[in-house]
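The values are calculated or read from the model by the stated rules, or taken from the named source; none is laboratory data. Keep in mind that what you see is a predicted model, and the values were worked out from it rather than measured. Counting neighbours? That spans all protein chains shown, and the Cβs are built from the backbone with ideal geometry, glycine included. SASA here: full protein model, heavy atoms, side chains in, ligands and nucleic acids out. Shrake-Rupley method; radii C 1.70, N 1.55, O 1.52, S 1.80 Å.
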Amino acid sequence: MKRFYFALRSAVLWILSLIHFFIAAPFLVFLNIFVDMRKHDWLQRAFCRRIAFFSGARVKVVRSANFDPKRTSFFMVNHVNVFDPFMLYCAIPQIVRGWELESHFKIPAYGWLMKRFGNVPVPDVRRPSDIKRMWRLTHDAINRGTSLIIFPEAKRTRNGHVDEFQDGGFRLAQQLGVPIVPVSLVGSFQHHRTGHWMLWPATVTVYLHDTIDTKPLAKNEVAALRDRVRTTISAPVEASLEGPEPVE
């Protein structure tokens with residue numbers, strides 16, 4: 001009986017979420033044609049808060065004492081499920097976009113929104129010319145004062161644990177002197193697991209850790225930076241996995 005309740009609840013939440021998304025997303029895309037996105041940032045945040053609400057999640061934000069909300073940064077985050085970008089936009093107190101797989105731009109409504117709002121395409125096929133284009137667009141975004149969300153695992157977790165990080169975002173941060181903010185998404189795996197359709201009641205806590213300055217770092221220090229960021233992100237995530245499993 002309990003499983004039937006959660007299955008029914010999940011079905012209703014998915015229906016509400018999809019109806020809301022396919023109404024609101026095209027409206028925001030249309031609005032952005034005529035109004036600069038910075039002038040209706042509050043609407044975008046309200047949109048993301050409603051996505052969290054309709055998915056049955058509560059978003060909580062924990063800021064470290066040395067997190068600097070005024071610095072344009074790379075926000076390095078563990079990747080759990082499709083709701084991650086929206087949860088993050090509820091929590092990060094500045095204009096922020098992200099690295100987005102280029103093939104995602106072809107997804108109806110979602111792709112239009114990501115492209116129109118200036119997310120940086122990550123090429124599916126990593127040719128040198130495509131990589132240079134991605135790095136140039138990243139540089140342009142930073143110069144405009146737009147922070148970027150990067151998922152350094154480059155894939156969603158299937159077991160809740162934080163996987164190994166790729167170097168690309170860290171190398172670019174070191175070369176451009178862009179600060180890095182490690183971000184831990186805790187509770188996302190308990191809320192929704194990639195490969196499953198159930199939506200469980202959960203609090204998703206977004207930990208904004210200390211801002212890390214990359215300007216003093218040399219090229220040979222990138223690997224240590226990557227490992228440091230991964231350790232910071234992993235700590236609260238791994239601790240959360242020690243709790244009880246959802247009812248299957």
Completion exercise
the range 1-160: relative contact order from alpha carbon pairs under 8 Å, six or more residues apart, as a whole percent, is 28
Problem - Signed unit charges on C-beta, dipole axis of the chain, positive-most listed residue Gly118, Val59, Ile149 - result: Gly118
Handout entry: the range 135-179 versus the range 19-62: alpha-carbon centroid distance in Å
Key = 23
Practice task
Name the lysines eligible as straight-distance cross-link partners of Lys132: C-alpha to C-alpha under 27 Å, and not fewer than 8 places from it in the same chain.
Solution key: Lys106, Lys115, Lys155, Lys215, Lys219
Handout entry: Debye, to nearest 20: dipole size of the chain, +1 on Lys, Arg Cβ, -1 on Asp, Glu Cβ
Key = 640
Completion exercise
Taking the chain and counting helices only, DSSP H stretches of n ≥ 4 at -39,500 (n - 2.57) each over all residues, the nearest-500 ellipticity at 222 nm comes to -14000 deg cm²/dmol
Fill in the blank from the handout: the chain: antiparallel bridges as % of DSSP beta bridges, rounded to 5, reads 20
Completion exercise
Put Val29, Val62, Val183 in order of accessible area, largest first, probe 1.4 Å, and you get Val62, Val29, Val183
Practice task
Give the Kirkwood hydrodynamic radius (Å, one decimal) of the range 120-248, defined as one over the mean of 1/r across all pairs of different Cα atoms.
Solution key: 16.4
Exercise for the section: Determine one quarter of the surface area of the Cα convex hull of the range 46-169, which equals its mean projected area, and express it in nm² to one decimal. Expected result: 8.6
Exercise for the section: Find the accessible area per residue for the chain; the probe is 1.4 Å, ligands and nucleic acids are left out, and the unit is Å². Expected result: 51
Problem - For the range 34-48, Karplus couplings with θ = phi - 60° (6.51, -1.76, 1.60), whole Hz, Gly/Pro x - result: 10, 10, 4, 4, 5, 7, 10, 4, 5, 5, 5, 5, 5, 4, 5
Exercise for the section: Return the Cα extents of the chain along principal axes one, two and three, sorted largest first, each rounded to a whole Å. Expected result: 59, 46, 37
Exercise for the section: Could you tell me the accessible area of Lys39 in Å² (1.4 Å probe, neighbours in place), rounded to the nearest ten? Expected result: 150
